[in-house]
Amino acid sequence: MAAAGPESGCDPACGARFFCTAGRGLESFLMREVQARLEATQVEYISGKVFFTTCSDLASMKKLKSAERLFLLIKKQLPIAVPSLSKGKILNELQKLVNDDPGSWLKAISLWKELLVHDTKREKVSQRDTNPLKRKVGENEIVVAKKLKLEEIQMVEKRHREGQWDRVPKYSLEQGDAITKTEELHKQGSQNDLVKAANTEDLEDLTFRVSCRCSGNIGKAFTTQEVGRVVGIALMRKFGWKANLRNPHLEIFIHLSDTYSVVGIPLFRVPLASRTYIQTAGLRSTIAWAMASIAEIKAGALVLDPMCGLGTILVEAAEEWPDVYYMGADVSNSQLLGACDNLKAAGLAGKIDLLQVSVTELPLPSQSVDVIISDIPFGKKFKLGKDIKSILQEMERVLRDGGAMVLLLSEDHHRHLRDCGGSSIPLTSQDSITDSEMKMPLNPDKRAGTSDMASPSHQASSSQCPSRVLPCGSLVPVECFKVSLGKTDAFICKYKKAHASGLSPAGCHEPGAQPEMAALQQSPCLQDSPRAPSALPLQMDVCREHTC
């Protein structure tokens, strides 16, 4: 590890220090994203985590797409030397995480409270500014309901005096329920444990729990429960906090390994990777966004996913780059039904066209697509084998010269293309970087979105463009990232379609410049193409009228 001593997470003079967890292989995507979205500086990573400094608020950090979870950093330091210490001394080292530097804990808690209070105030102002009419209507409803309730009470009292209980209006119960529901909504709006904790001046009123992850030697010596118990007792003794495993105000996250010790506070209870606009999960959203982020999507372009499945890639791309025409295709009706549900949940049902058609028979004119992004299916259910070549040939046909294609390939598919004579793309992931190497921070003066990378090997492999092409013809490999899908690994591979005279940026036209792009929906080629009879437009109410 590059740092010789512990690193504190809270220096107000230069912004707060945070870290995000990321899927293995996505660290470089996240590094670029925090620079672009958050103007982050001092960006560095270890395997599975990206550390950065920023002055951004929680609302901005919620927009991170390639991160799994976001934490406020309390401390990052060298690992506990388990092999050279007795069990008692190891327990003492765990207690030192709290006792040696209580100031970093108090500063982190103070900053955590400030972030939550600021975010709560911002949300209230935003709701007040964006929904003045709705708020006024809601207030009027409460006034009317109370007025009706008062009239009802007066009526009941009058009828009681007259002995007419059987004539109580039927709507009285409904009015009472309406008032009760309104009161319950107001109570729910005020019951935010995190905000209460943030407004608590006495730190002894805080409740907490400790979440641990232990790997390497310390994971063999202690369970996560044992580590959590030791740290938890130290926190109670030092600060007077109370443990609450079910619904705490504060969660403390600790990751101990053979190469580092990291302590932080999760800023959101729901992971950033859990998208609210994805109804049915397919490909992991962080992977889908990473693929779209390197596809060079520009306003006015036509983006195609010819094997869209549940539409995760299309949804992620459309959320980030809205001024684009998106089209998805899949041969499976059940997958397209799920895709339509996702589009409807994301509010994109009228913005993305879906076609039921084979990827090898796309009803599109040649060179009509600016960008292709697709997850090539693999596993026991999908044995493409040599069909991968015909799939790439059809994608190559519809892709314009200079267009980009980003594919998620299994190890078998990647190996098959290599064995068939395609060039071996140099990996641009962090496979060669061990946990013990703390990468140097990126240039803080450069904004992300550029080609600035964390390591020299990454920068070199990204800039080169192999002269050899895939066996299907003019697709030139550009870069490749090995990423984790959980139980298996895969490759995000980017290709560019070369011109007849070679891949030349000067000869590439901008997306939307070709005449057929503007009128693609009405293009007779979509109906009269020789391949069109095999295309079955998906007929569902949640999808808009399709162009084929």
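The values are calculated or read from the model by the stated rules, or taken from the named source; none is laboratory data. Note that the coordinates shown come from a computational prediction; the quantities given were computed from them, not determined experimentally. Positions of Cβ are generated from backbone atoms using ideal geometry, with glycine treated the same way; all protein chains shown enter the neighbour counts. These accessible areas exclude ligands, DNA and RNA; they are computed on the full protein's heavy atoms, side chains included. Shrake-Rupley method; radii C 1.70, N 1.55, O 1.52, S 1.80 Å.
Laid out as a table, the results:
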read-out	value
Candidates per trypsin sites (Lys or Arg not before Pro) in the range 336-380, loop by DSSP, up to 12 other Cβ within 10 Å	LYS380
Simple Cβ-charge dipole of the range 5-113, Lys/Arg +1 and Asp/Glu -1, about Cα centre, in debye nearest 20	300
Exposure ranking of PHE253, PHE51 by accessible area [1.4 Å probe, largest first]	PHE253, PHE51
Solvent accessible area, Å² - THR207, 1.4 Å probe, full protein context	20
Equivalent ellipsoid, the range 227-298 (semi-axes from 5 times Cα gyration tensor eigenvalues, Å)	36, 17, 10
Alpha carbon centroid spacing (whole Å) that separates the range 107-127 from the range 227-306	19
Solvent-accessible ranking of HIS413, HIS118, largest area first, probe 1.4 Å	HIS118, HIS413
Carbon + sulfur, % of accessible area of the range 309-383 - ligands and nucleic acids excluded, 1.4 Å	51
Of LYS62/LYS344; LYS389/LYS496; LYS63/LYS344; LYS75/LYS121; LYS298/LYS351, those spanning more than 19 Å from alpha-carbon to alpha-carbon	LYS62/LYS344; LYS63/LYS344; LYS75/LYS121
With all protein chains modelled, accessible area of ARG415 [1.4 Å, Å²]	100
Accessible-area value, ARG397, 1.4 Å probe, nucleic acids and ligands omitted, Å²	60
Efficiency of FRET between SER86 and THR223 - r from beta-carbon atoms, R0 25 angstrom, step 0.05	0.90
Loop-resident sites, the range 254-303, for trypsin sites (Lys or Arg not before Pro), counting at most 12 other Cβ within 10 Å (DSSP)	ARG269
Between the range 83-105 and the range 328-365, the Cα center-to-center distance that results, in Å	55
Order of exposure, largest accessible area first, which applies to GLU39, GLU123 with probe 1.4 Å	GLU39, GLU123
Prolate/oblate/rounded call for the range 244-351, Cα gyration tensor, a/c under 1.5 rounded	prolate
